[in-house]
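Structure, as structure tokens:
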Amino acid sequence: MGNDITLTATDGHAFGAYRCEPAGTALGGVVVVQEIFGVNEHIRDVTERFAELGWLAVAPALYDRWQPGFSCGYTPDDIAVGRDMKDKANAEIDKVMLDVEAARANAAEAGKVGVTGFCWGGVVTWLAACRLDFSAASCYYGAGIINTKDETPNCATIMHFGNKDASIPMADVDAIAAAQPNVGVHVYDADHGFHCDMRGQFAPRAANIAAMRTARLFDDNLRG
């Protein structure tokens with residue numbers, strides 16, 4: 001359904017992305033931001049799902065600056081490598097934002113653009129909502145959001161957290177909600193990674209409710 005493409009950031013960095021076009025006229029654009037595991041099978045599947053819903057969806061390979069083509073699964077070894085890659089990317093987060101902006105510009109061929117992301121991608125989605133020109137943002141279980149909770153989003157934004165997520169204490173979620181009264185902060189009976197049906201933490205009810213909220217957010221803010 002999708003195609004591997006090359007995008008170029010404003011600093012000249014060329015990097016990969018997975019782009020999926022809908023069957024008919026696109027309702028708008030969506031940028032899908034990876035977990036620590038790269039643009040792997042799951043992120044490609046999520047990107048395809050958005051296209052099936054009518055959006056032009058683009059998933060940028062945000063680790064390409066440090067390891068082109070990086071993609072892995074969910075074993076303990078994969079998690080360790082993914083975390084190392086995340087640390088490298090976080091050390092140059094401004095460059096990550098350049099790459100997200102290049103993906104936004106590509107998706108903007110279809111009109112207004114929303115952004116969503118998972119795990120580390122949830123943090124990147126939050127920063128993109130605050131620092132870039134998106135029209136809506138849906139952040140899934142971003143453990144680092146607490147560190148920038150006082151930034152101001154430029155668009156309608158919602159967040160999704162699991163109450164069994166050991167990496168994100170409920171005290172952090174409460175602090176984020178208190179700092180961002182205009183952001184919809186939703187808590188589910190779920191663990192970290194609950195949206196991914198390729199992980200043991202997958203929670204179908206939480207995943208479906210969060211997905212419906214995300215779809216409604218995009219319908220309300222991107223169409224027309």
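Entry remark, region 1-39: residues being in contact (Cβ under 8 Å) with a residue 60 or more places away in the chain, touching a Pro at 6+ places or on another chain (Cβ under 9 Å) and among the aliphatic types (A, V, I, L, M) number 5 in total.
Taking (1) hydroxyl-bearing (Ser, Thr, Tyr); (2) in contact (Cβ under 8 Å) with a residue 60 or more places away in the chain; (3) surrounded by fewer than 16 Cβ atoms within 10 Å (Cβ to Cβ) in turn, residue 116 satisfies each apart from (3). When residues in region 176-224 are screened for being part of a strand (DSSP E or B) and small (Gly, Ala, Ser), 1 of them pass. Mind checking which strands (runs of 3 or more DSSP E) fall wholly inside region 1-96 and carry at least 2 residues that are β-branched (Val, Ile, Thr), over 26 Å from residue 200 (Cβ atoms) and touching a strand residue (DSSP E or B) at 6+ places or on another chain (Cβ under 8 Å)? By residue number, 2-8, 29-33. Restricting the first member to region 166-181 and to residues that are free of Cβ contacts under 8 Å to residues at least 40 places away in the same chain, and the second to residues that are small (Gly, Ala, Ser) and surrounded by 14 or more Cβ atoms within 10 Å (Cβ to Cβ), the beta-carbon pairs closer than 7 Å and six or more apart or on different chains are 167/143; 168/143. Can you confirm whether region 200-218 contains a residue that is of a type in the set (D, E, K, R) and crowded, with 17+ Cβ neighbours inside 10 Å? Looking through region 200-218, none of the residues is of a type in the set (D, E, K, R) and crowded, with 17+ Cβ neighbours inside 10 Å. Per this entry, residue 207 is counted among residues that are among the small types (Gly, Ala, Ser), under 24 Å from residue 37 (Cα atoms) and without any contact (Cβ under 8 Å) to a residue 40 or more places away in the chain.
Read the figures in this text as sums done on the coordinates, not as results from a lab. The model shown is predicted, which means the values in this text are computed figures rather than measured ones. Note: ideal-geometry Cβ built from the backbone for every residue, glycine included; neighbour counts use all protein chains shown.
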